[in-house]
Amino acid sequence: MIKGRVIGRVWSTKRLEALPQGALLEVEVESGSRLIAFDPLGCGEGEEVLVTQGSVAAGWFEGVRAPVDALIVGSIDESG
Amino acid sequence: MIKGRVIGRVWSTKRLEALPQGALLEVEVESGSRLIAFDPLGCGEGEEVLVTQGSVAAGWFEGVRAPVDALIVGSIDESG
Amino acid sequence: MIKGRVIGRVWSTKRLEALPQGALLEVEVESGSRLIAFDPLGCGEGEEVLVTQGSVAAGWFEGVRAPVDALIVGSIDESG
Amino acid sequence: MIKGRVIGRVWSTKRLEALPQGALLEVEVESGSRLIAFDPLGCGEGEEVLVTQGSVAAGWFEGVRAPVDALIVGSIDESG
Amino acid sequence: MIKGRVIGRVWSTKRLEALPQGALLEVEVESGSRLIAFDPLGCGEGEEVLVTQGSVAAGWFEGVRAPVDALIVGSIDESG
């Protein structure tokens with residue numbers, strides 16, 4: 001997984017039907033590069049998250065073949 | 001997924017039969033690197049799009065084993 | 001696989017249920033980039049490890065579809 | 001897919017039996033990095049090609065589990 | 001596939017049981033980055049090799065789910 005910070009959200013009206021409804025968050029990783037990840041957890045801007053990539057991300061969706069290659073799997077606890 | 005902008009289209013007459021008919025668009029991502037993605041949505045030059053990569057892209061095609069590793073899954077709404 | 005050194009651990013309370021319980025270690029690879037890998041071996045900070053990535057990592061988990069794309073598969077023996 | 005130019009061919013006598021017979025071409029992509037792709041199309045040096053990567057490339061081979069992670073899927077038409 | 005040169009071997013005593021017995025070679029690719037690949041061919045230091053990555057590498061192992069994401073599939077013939 002990679003660690004990144006949520007920096008925004010993207011909206012797409014013209015999209016494949018197979019793309020599941022739900023939040024698509026823009027995440028910036030430590031190297032400075034950015035990706036768009038599906039968020040089932042309701043994360044907000046500024047939150048530090050764990051992202052899984054590739055076919056593993058799509059495999060999380062049950063009963064559908066979701067064309068999703070990046071999935072937020074956890075929010076990282078703030079260190080105290 | 002990654003966010004990119006359509007900058008052109010490529011044509012390939014000499015190709016594998018397994019490669020589905022349809023538009024192959026050249027997309028430039030934020031880092032400046034480029035890739036060629038299959039476009040089922042009819043996107044045009046300059047449009048900002050979401051691209052899914054890897055076996056997840058091929059999995060979207062039904063009933064065929066398409067040798068496609070990049071798929072446009074959505075067009076990003078312009079911010080108002 | 002890639003070789004890296006364990007530099008810490010991340011904790012995530014708000015997470016997908018499908019994410020297996022167990023240590024999520026932060027690993028720094030030779031290039032300087034970092035990733036978070038699931039650790040079934042009980043590795044500690046400073047330990048040099050081998051990490052497998054992608055769907056192969058998820059395939060190691062039996063009977064579940066774990067959204068894990070990085071797995072520590074071995075600890076590298078110190079050279080004498 | 002990525003776009004690249006064929007810059008040579010590699011030969012391997014000592015190889016896995018599972019590796020299919022056929023041309024293994026060296027392809028240079030726009031970023032300057034290079035990869036070796038299986039070529040079912042008979043492409044020649046200097047030709048601009050489309051390369052699919054990952055398990056999608058292996059999936060093109062029928063009835064065998066080919067350890068091939070890069071496949072030339074088309075030759076790009078020269079612009080007139 | 002990528003082309004690289006064998007620069008060493010790593011040993012791992014503390015490892016997952018699922019990781020197959022056999023040589024784990026360190027390979028340096030042209031860009032200067034390094035990876036660890038499973039070697040079924042008995043390659044030696046200095047040898048130039050072809051490496052397949054990702055789930056395709058794991059798929060080469062029969063009857064087991066090997067957590068291996070890089071496999072040496074051939075040794076490159078020296079040019080005469």
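A few remarks follow.
Results for (1) touching a Leu at 6+ places or on another chain (Cβ under 8 Å); (2) of a type in the set (V, I, T); (3) closer than 21 Å to B:A37 by Cβ; (4) modelled with pLDDT of 95 or more, shown as yes or no for each residue.
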site: A:V10; (1), (2), (3), (4): yes, yes, yes, yes
site: A:R15; (1), (2), (3), (4): yes, no, yes, yes
site: A:R34; (1), (2), (3), (4): no, no, yes, yes
site: A:L41; (1), (2), (3), (4): yes, no, no, yes
site: A:E47; (1), (2), (3), (4): no, no, no, yes
site: A:V68; (1), (2), (3), (4): yes, yes, yes, yes
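- The residues in the stretch E:48-71 that are open to solvent by 30 Å² or more (accessible area, probe 1.4 Å) and among the hydrophobic types (A, V, I, L, M, F, W, C) can be counted, and the count is 2.
- B:T52 vs. criteria part of a loop (DSSP other than H, G, I, E, B), within 7 Å of another protein chain (Cβ to nearest Cβ) and either free of Cβ contacts under 8 Å to residues at least 12 places away in the same chain or in contact with a Pro (Cβ under 6 Å, 6 or more places away or on another chain) (or both): no
- Pairs, first under 15 Å from A:I72 (Cβ atoms) in the stretch A:21-32, second among the acidic types (D, E) and modelled with pLDDT of 95 or more, C-beta under 7 Å, six or more apart: A:G22/A:D39; A:A23/A:D39; A:L25/A:D39
- When C:R5 is tested against (1) within 13 Å of chain E (Cβ to nearest Cβ); (2) out of contact with any Ser or Thr (no Cβ under 9 Å at 6 or more places or on another chain); (3) more than 29 Å from A:L41 (Cα to Cα), exactly one condition is not met: (1).
- Unmet criterion (only one of (1) more than 9 Å from chain C (Cβ to nearest Cβ); (2) closer than 20 Å to C:P20 by Cα; (3) among the acidic types (D, E); (4) surrounded by fewer than 19 Cβ atoms within 10 Å (Cβ to Cβ)) for A:E45: (2)
- Taken together, B:A37, B:A70 contain a single residue that is within 17 Å of A:R15 (Cα to Cα) and either free of Cβ contacts under 8 Å to residues at least 24 places away in the same chain or away from chain A (no Cβ under 11 Å) (or both), which is B:A37.
- Verdict on B:E78 being over 21 Å from E:S55 (Cβ atoms), open to solvent by 40 Å² or more (accessible area, probe 1.4 Å), part of a strand (DSSP E or B) and more than 9 Å from every other protein chain (Cβ to nearest Cβ): no
- Output for the stretch E:55-65, where each listed residue is within 8 Å of another protein chain (Cβ to nearest Cβ) and of a type outside the set (S, T, N, Q): E:V56, E:A57, E:A58, E:G59, E:W60, E:R65
The values are calculated or read from the model by the stated rules, or taken from the named source; none is laboratory data. Given the structure is predicted, the values throughout are model-derived calculations rather than measurements. Counting neighbours? That spans all protein chains shown, and the Cβs are built from the backbone with ideal geometry, glycine included. Side chains are part of the model used for accessible areas, which takes the heavy atoms of the whole protein and leaves out ligands, DNA and RNA. Shrake-Rupley method; radii C 1.70, N 1.55, O 1.52, S 1.80 Å.
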